[in-house]
1. Count, please, the residues in the range 296-340 that happen to be open to solvent by less than 20 Å² (accessible area, probe 1.4 Å) and either under 19 Å from Ser153 (Cβ atoms) or at pLDDT below 80 (or both).
2. Given the condition at pLDDT 95 or above and farther than 22 Å from Arg4 by Cβ, answer yes or no: does some residue in the range 68-81 qualify?
3. Scan the range 239-274 for residues that are β-branched (Val, Ile, Thr), closer than 15 Å to Ala202 by Cβ and loosely packed, with under 15 Cβ neighbours inside 10 Å and jot them down.
4. State all residues of the range 177-195 that are among the aliphatic types (A, V, I, L, M), open to solvent by 40 Å² or more (accessible area, probe 1.4 Å) and either at pLDDT 80 or above or closer than 25 Å to Gly83 by Cα (or both); if no residue qualifies, say none.
5. So which of Asp95, Asp61, Asp49 ends up being acidic (Asp, Glu) and under 17 Å from the mean Cα position of the chain (by Cα)?
6. Suppose the filter is assigned to a strand (DSSP E or B) and either in contact with a Phe, Trp or Tyr (Cβ under 8 Å, 6 or more places away or on another chain) or open to solvent by 50 Å² or more (accessible area, probe 1.4 Å) (or both); does Phe220 pass it?
7. Looking at the range 89-101, can you tell me whether even one residue there is at pLDDT 95 or above and touching an Asp or Glu at 6+ places or on another chain (Cβ under 7 Å)?
8. For a quick check of your reading of the model, give me the residue pairs whose first member lies in the range 56-74 and is in contact (Cβ under 8 Å) with a residue 60 or more places away in the chain, whose second is among the small types (Gly, Ala, Ser) and surrounded by 20 or more Cβ atoms within 10 Å (Cβ to Cβ), with beta-carbon atoms closer than 6 Å and at least 6 apart or on different chains.
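The values are calculated or read from the model by the stated rules, or taken from the named source; none is laboratory data. These numbers were taken from a predicted model, which means no experiment stands behind them. Neighbour counts run over all protein chains shown; Cβ positions are idealised from the backbone, glycine included. Just so you know, the surface numbers come from the protein's heavy atoms only, side chains and all, with ligands and any DNA or RNA stripped out. Shrake-Rupley method; radii C 1.70, N 1.55, O 1.52, S 1.80 Å.
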Amino acid sequence: MGTRVLICDDSKIARKQLSRILPTDWNVEIEFAEDGQQALDILSSSVFDILFLDLNMPVKDGYETLEALQSFKQSPAVIVVSGDVQPKAIQRVKDMGAVAFHKKPASAEELRSLLISLGLFSVGGSEHDESSAIAIPTAAEQFTLNECLQEISNIAMGRAASVLAEMLNVFVKLPVPTVNILEVSELQMALDYSVKKDSCSAVSQGYVGSGIAFETLLIFSDSSFPDMAKLLGVTDTITRELETELLMDVSSVLVGPFMAAIGKQLNIDFSHSHPLLLGQHVKIADLINEKKATWKRTLAVEIVYEVENYQISCDLIMLFTEDSVPTLENLLSFLVEEDE
């Protein structure tokens with residue numbers, strides 16, 4: 001019997017990519033789980049040697065899964081594979097029992113070296129029997145635009161959070177990015193829910209490259225300002241001008257690394273406009289009305305960042321123009337097919 005491997009990730013693309021880069025000379029049997037709870041259900045009824053575990057997942061995330069595994073009499077060696085590369089995240093999973101952490105996207109060479117160093121794979125084994133894995137349809141059949149964009153955004157989100165975390169010595173809690181095509185009214189409802197009817201302030205910035213145009217929108221709940229100032233070491237009285245400086249500072253830290261990671265994955269060097277203060281102490285409805293004529297119907301990627309132990313949360317939203325969607329879809333399909 002070969003080495004039994006369970007790959008747990010909510011992204012179909014990530015599961016496929018990881019299964020494809022396992023050593024070809026490794027006698028391995030692969031199964032998949034879509035979230036932590038599903039992985040725990042599988043592990044409670046069957047023994048596996050290795051669990052590749054994502055962190056940001058619905059139902060039960062990677063941290064909750066690692067915590068639950070501590071009560072198992074027999075649990076697999078856990079290798080966390082995640083886009084969340086914050087130093088505190090890496091240390092946290094190792095403290096919870098993971099034998100290693102590997103950043104997304106992984107490469108075959110890096111993963112092979114890691115497995116050898118951990119003593120989980122030795123050179124000279126029998127060939128990897130891909131028929132033992134669950135059948136995987138072609139990329140064109142399996143992956144939607146939303147799924148591709150969600151996984152790319154997930155990796156970029158982790159890079160941006162790591163920059164902020166290292167700069168401020170904090171831990172940034174990361175969700176699963178949401179990707180939807182929305183009418184303006186639906187976008188307003190989604191944002192109303194995120195900021196919980198509070199007044200907010202927002203910074204926008206335009207990006208364009210290779211036929212793709214979009215706008216980033218960073219929305220801060222106004223209740224975040226006191227803790228934001230505390231984190232940045234600002235002791236002065238918070239004036240409207242100081243709030244604008246804080247907004248621009250945090251925006252550059254979050255949006256810059258995020259867009260650099262998006263561009264690198266898509267192999268596009270995006271040109272961008274200067275960040276603009278879109279609104280200050282306004283309601284979401286007013287913010288939407290400001291841009292209603294421009295947005296109309298949009299492909300929206302939304303990420304909610306929260307800083308642990310601080311009252312700070314902000315929405316980072318990418319709003320793609322309708323004309324960009326076919327180009328983006330073709331590009332993402334091509335990138336996925338390259339992995340075949």
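1. 17
2. No.
3. Thr244
4. Answer for the range 177-195, where residues must be among the aliphatic types (A, V, I, L, M), open to solvent by 40 Å² or more (accessible area, probe 1.4 Å) and either at pLDDT 80 or above or closer than 25 Å to Gly83 by Cα (or both): just Ile181.
5. Being acidic (Asp, Glu) and under 17 Å from the mean Cα position of the chain (by Cα) holds for just one of Asp95, Asp61, Asp49, which is Asp61.
6. Answer is no for this residue.
7. Yes, the conditions are met somewhere in the range 89-101.
8. Met57/Gly36
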